[in-house]
1. Ala210 is checked against (1) at pLDDT 90 or above; (2) in the same structural domain as Ile18 (by TED's automatic domain parsing) and fails just one. What number does that condition carry?
2. Can you find a residue that is farther than 20 Å from Ser239 by Cα and under 13 Å from the mean Cα position of the chain (by Cα) anywhere in the range 120-131?
3. Kindly establish whether Ser155 is outside any strand (DSSP E or B) and of a type outside the set (Val, Ile, Thr).
4. For the range 168-182, check the following and say yes or no: at least one residue is basic (Lys, Arg) and exposed (fewer than 15 other Cβ atoms within 10 Å of the Cβ).
5. Tally time: how many residues in the range 101-130 are more than 24 Å from Asp39 (Cβ to Cβ) and assigned to a strand (DSSP E or B)?
6. Just to be sure I understand, how many residues within the range 200-238 are within 30 Å of Asp188 (Cα to Cα) and outside any helix (DSSP H, G or I)?
7. Quick one: in the range 67-100, of everything that is outside any loop (DSSP other than H, G, I, E, B) and small (Gly, Ala, Ser), which residue is nearest to the chain's Cα centre (by Cα)?
8. In the range 155-178, is there at least one residue being more than 20 Å from the chain's Cα centre (by Cα) and more than 27 Å from Gly122 (Cβ to Cβ)?
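The values are calculated or read from the model by the stated rules, or taken from the named source; none is laboratory data. Bear in mind that the values here come from a model prediction, so they are computed numbers and not experimental data. Using ideal geometry, Cβ is built from the backbone for each residue, glycine included, and neighbour counts are taken over all protein chains shown.
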Amino acid sequence: MTILTGRTALVTGAASGIGAAMARRLQADGAHVIAVDRDEAGLTALADALPGITAIPCDLSDLDAVDALPAEVDVLVNNAGLQHVAPVHEFDPERFSLILRVMLEAPFRLARRTLPHMYARGWGRVVNVSSVHGLRASAFKSAYVSAKHGLEGLSKVIALEGAPHGVTSNCLDPAYVRTPLVERQIADQAAVHGIGADEVVERIMLAPAAVKRLVEPEEVAELAAVLYGPASASISGTSLSMDGGWTAH
């Protein structure tokens, strides 16, 4: 028996990066994992690597599709996200709405859908993959920062409402994680500035952090395991930083 035997976990953005690492760790801890992503090829590869998971292709910007996802979930991991960089006065309003829909409205819809099951069982864990940008702002990332700040607030409300029912809700707040999304940003920044990828990471991305390294997806999954493990009952309504000292300033 492992700590999540008999439990079901749903992970969004599960086809790669943090989501895939979460899926692997949750399955190792005994959960039946429902992996959700719009990347069908990535989901197929994950399912091949983790036999027994349920892979559900879904575009989280389609809120009707979100409302049709499974409701009998004990551990909800809101992880899916996307990025767009532009000054506020040039930011495409449609892109802004898309980012908030995927990164804030979809987590709300999923929580709304799964909380009744958690309440009925007297146990549930909501793990929101936020970011250091849920605690701090950066220029040119208005939609991402807004969505992450909103997710932090939503997480706290769920924590307050869920407490009488044995449900906790928390955020994980890593700095830059070595994911396909970040790797693309590194390559773009290197091309723009005419410097190497290592210099981009240290001089630009991690300038505010004391620890000059990218976070690995598996590290985030390990921290998430604390939030559904044996010590998790009184950890709720908080944000666990993994930001290399960024917020120590």
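1. (2)
2. No, every residue in the range 120-131 fails to be farther than 20 Å from Ser239 by Cα and under 13 Å from the mean Cα position of the chain (by Cα).
3. Details: outside any strand (DSSP E or B): yes; of a type outside the set (Val, Ile, Thr): yes.
So Ser155 passes the test.
4. To start, the set of residues in the range 168-182 that are basic (Lys, Arg) comprises 178.
With the extra rule that they be exposed (fewer than 15 other Cβ atoms within 10 Å of the Cβ), the set shrinks to none.
Looking through the range 168-182, none of the residues is basic (Lys, Arg) and exposed (fewer than 15 other Cβ atoms within 10 Å of the Cβ).
5. Residues of the range 101-130 that are more than 24 Å from Asp39 (Cβ to Cβ), as a first pass: 112, 115-125.
Adding the requirement that they be assigned to a strand (DSSP E or B) leaves 124-125.
The total comes to 2.
6. 11
7. The initial filter retains those residues of the range 67-100 that are outside any loop (DSSP other than H, G, I, E, B), namely 67, 75-78, 86, 88-90, 93-100.
Add one more test, that the residue is small (Gly, Ala, Ser), and what stays is 86, 97.
Working: Ala86: 22, Ser97: 18 Å.
If we take residues in the range 67-100 being outside any loop (DSSP other than H, G, I, E, B) and small (Gly, Ala, Ser), then Ser97 is nearest to the chain's Cα centre (by Cα).
8. Start the filter on the range 155-178 by keeping residues that are more than 20 Å from the chain's Cα centre (by Cα), which leaves 160-161, 163-166.
From what's left, more than 27 Å from Gly122 (Cβ to Cβ): none.
Looking for residues that are more than 20 Å from the chain's Cα centre (by Cα) and more than 27 Å from Gly122 (Cβ to Cβ), one finds none in the range 155-178, hence no.
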